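Since the structure comes first, as C-alpha cells, the remarks are kept for the end.
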Amino acid sequence: MIKEIEIPLNIRQVALALHLAGHEAYFVGGCVRDLILGIVPKDYDITTNATPEQIMALFPRTFYENSYGTVGVVTVKDEETDPEIVRNSIVEVTPYRIESQYTDGRHPDSVKWSSELADDLGRRDFTCNAIAYNPINLELVDLYDGIKDIKDKTIRAVGEPDKRFAEDALRILRAIRFSAQL
C-alpha cells in the first residue's frame, strides 16, 4: 500500500535505532498519508512507546523543549551538505500519548504517555492522519479506515466530529485545506 518512495537513510536509521533498543517505531500522520498517495513527504514524524528520556538516551544530539513529549533528533553532521539529508536533518520522535480536554480550544490541558499505539491514533484529527507505518516490518496500522477514506477522497474525523472540532477549532481549516489539496 505504501508507494515506492525512497525514505531518507537518516529517517530510517532513527526508526531502526528505536527498534534495536526494544521500542516500537511507527511513521505517523501526514507522512504516512503522503506515502500512500505517492507523494514525497515534507517531513517524517515517528511515534513510539519509548519515553522522551529513553529517546534522548539513544541519540547523541537531541532537544526536548515542550510539554507534548516531542524529542527532536538531530541526524545531520555539521559538515553535511547533501540537501536531502539537511532538509530532513531533524526527526521528531514523540511517545504514544493520551490527551486530556482542550479548555482553550487549541491545546490539550495535559498529556500523558501511553504504551499503546491505538491510544495515539485515537487522538488524531482525521482518519487519513491516523494511519501508522512501521518501516522495519512494513506493517500498516489503520484502525479508522483511513486508507479507504484516502482512496474515496473523504475527509473524516477520528471519533465524534463535534468533539474533534471542539478540541481544536483549527481542525476545521485543516479539513478545508486537505479537501482542496487532496
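Which condition from (1) at positive phi; (2) at pLDDT below 95 is the one that Gly22 breaks?
With respect to (1) at positive phi; (2) at pLDDT below 95, Gly22 is out only on (2).
Looking only at residues in the range 49-75 that are in a helix (DSSP H, G or I) and in contact (Cβ under 8 Å) with a residue 40 or more places away in the chain, which one is surrounded by the most Cβ atoms within 10 Å (Cβ to Cβ)?
Ile55
How many residues are more than 13 Å from the chain's Cα centre (by Cα) and assigned to a helix (DSSP H, G or I) when one looks only at the range 1-48?
Count: 12.
Taking only the range 103-125 into account, find how many residues are in a loop (DSSP other than H, G, I, E, B) and open to solvent by 50 Å² or more (accessible area, probe 1.4 Å).
Qualifying residue count for the region: 8.
Return the pairs, sorted by first residue and then second, in which the second residue is open to solvent by 80 Å² or more (accessible area, probe 1.4 Å) and not in a helix (DSSP H, G or I), the first residue lies in the range 155-182 and is closer than 24 Å to Val111 by Cα and hydroxyl-bearing (Ser, Thr, Tyr), the beta carbons are less than 9 Å apart, and the residues are 6+ apart or on different chains.
No pair meets every condition.
Quick check on my filter: what residues within the range 142-182 are surrounded by fewer than 17 Cβ atoms within 10 Å (Cβ to Cβ) and of a type in the set (Val, Ile, Thr)?
Thr154, Ile172, Ile176
The values are calculated or read from the model by the stated rules, or taken from the named source; none is laboratory data. What you are looking at is a predicted structure, and each value in this text was computed from that prediction instead of being measured. A quick note on method: Cβ atoms are made from the backbone with ideal geometry, for glycine too, and the neighbour counts reach across all protein chains shown. Just the protein is used for accessible areas: all its heavy atoms, side chains included, with ligands, DNA and RNA removed. Shrake-Rupley method; radii C 1.70, N 1.55, O 1.52, S 1.80 Å.
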